[in-house]
Amino acid sequence: MKKIILASALLATSTLMPAFAADYIIDTDGAHASINFEASHMGFSVLAGRFNDFSGNFSYDKENISASKITVTIDTSSFDSNHAKRDKHVRSDDFLDVSKYAEATFVSNKVVDKGEGKLAIAGTFTMHGVSKPLVIDAVRIGEGNDPWGGYRAGFSGTATIAMAEFGFKKDFGKVDLILHIEGIRQ
């Protein structure tokens, strides 16, 4: 009888306790995450590349999406368009000015469940000393146990920024960000 009462008490308290989001570290060591970009190259073609060095973490609870959050820090000197001369120019004070602004950050302040695994992640994006609101349209790719005894969750997303809003000396218009984030639960 004591076992039944104890089990009933545990069940009752567990249904009253709120669910908590699980914490994840973005897996950059295993190259399971990337921050990519595409921008117009003077109106003639599309320049594509990535930021090679970044870090971050997120909290995610599929039962309570609004409790989710993400923080990402990008090393702006890791800008890579696969062309050394151009990369040096983009890192200069004409654009990223990495000697003065070594990092760009995104910190979410709201996550909205749009249904069917789709999310709107709103937050503040800071780059080149300027902070602007940014919404990332994201989709949950999946989650589950990995072969190494851990648990992972993965998402993809897109967002667009306007270079003019961040005070660059040179402005080639809008930049599309393409994000792939896989995290390891802590």
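A few notes on this one:
- Straight Cα distances below 17 angstrom link residue 118 to the aspartates and glutamates 61, 63, 137, 143, 182, with same-chain residues fewer than 8 positions distant left out.
- Surface composition of the stretch 52-129: carbon and sulfur atoms hold 47% of the protein heavy-atom accessible area at a 1.4 Å probe.
- Evaluating 6.51 cos²θ - 1.76 cosθ + 1.60 at θ = phi - 60° for every residue in the stretch 99-106, the Karplus couplings come out as 5, 9, 10, 6, 9, 10, 9, 10 Hz, glycine and proline recorded as x.
- In the chain the longest region clear of GluC sites (Glu not before Pro) that are loop-assigned by DSSP and have at most 12 other C-beta atoms within 10 Å covers 117-186.
- Per-residue ³J(HN,Hα) for the stretch 44-55, Karplus 6.51 cos²θ - 1.76 cosθ + 1.60, θ = phi - 60°, Hz, x for Gly and Pro: 9, 7, 10, 8, 10, x, 7, 9, 7, 10, 7, 8
- Placing +1 on each Lys and Arg Cβ and -1 on each Asp and Glu Cβ, with no other charges, gives the chain a dipole about its Cα centre of roughly 340 debye.
- Each of (i) 40, 16, 14; (ii) 61, 16, 13; (iii) 25, 21, 13 is a candidate for semi-axes √(5λ) of the Cα gyration tensor in Å; the one calculated from this structure is (i).
- Residue-normalised accessible area of the stretch 72-186, expressed per residue, 1.4 Å probe, Å²: 55
- Per-residue ellipticity at 222 nm computed for the chain from its helices equals -4000 deg cm²/dmol, with DSSP H segments shorter than 4 residues left out and the rest contributing -39,500 (n - 2.57).
- Remark: the residue 67-residue 130 segment gains 20.0 nm on full extension, using 0.36 nm per residue and subtracting the alpha carbon distance.
- Set of lysines with alpha-carbon distance to residue 132 below 21 Å, sequence-local pairs under 8 removed: 69, 100, 110, 169, 170, 174
- Once exposed loop trypsin sites (Lys or Arg not before Pro) are cut out (DSSP; at most 15 other Cβ, 10 Å), longest piece of the chain: 101-168
- Cα convex hull of the stretch 80-186 - mean projected area over all directions, nm²: 8.7
- The accessible area of residue 151, taken with all protein chains in place and a 1.4 Å probe, comes to roughly 40 Å².
The values are calculated or read from the model by the stated rules, or taken from the named source; none is laboratory data. Predicted model, so just to flag it, every value in this text is computed and none were measured. Note that we place each Cβ from the backbone using ideal geometry, even for glycine, and neighbour counts take in every protein chain shown. Accessible surface areas use protein heavy atoms only, side chains included; no ligands, DNA or RNA. Shrake-Rupley method; radii C 1.70, N 1.55, O 1.52, S 1.80 Å.
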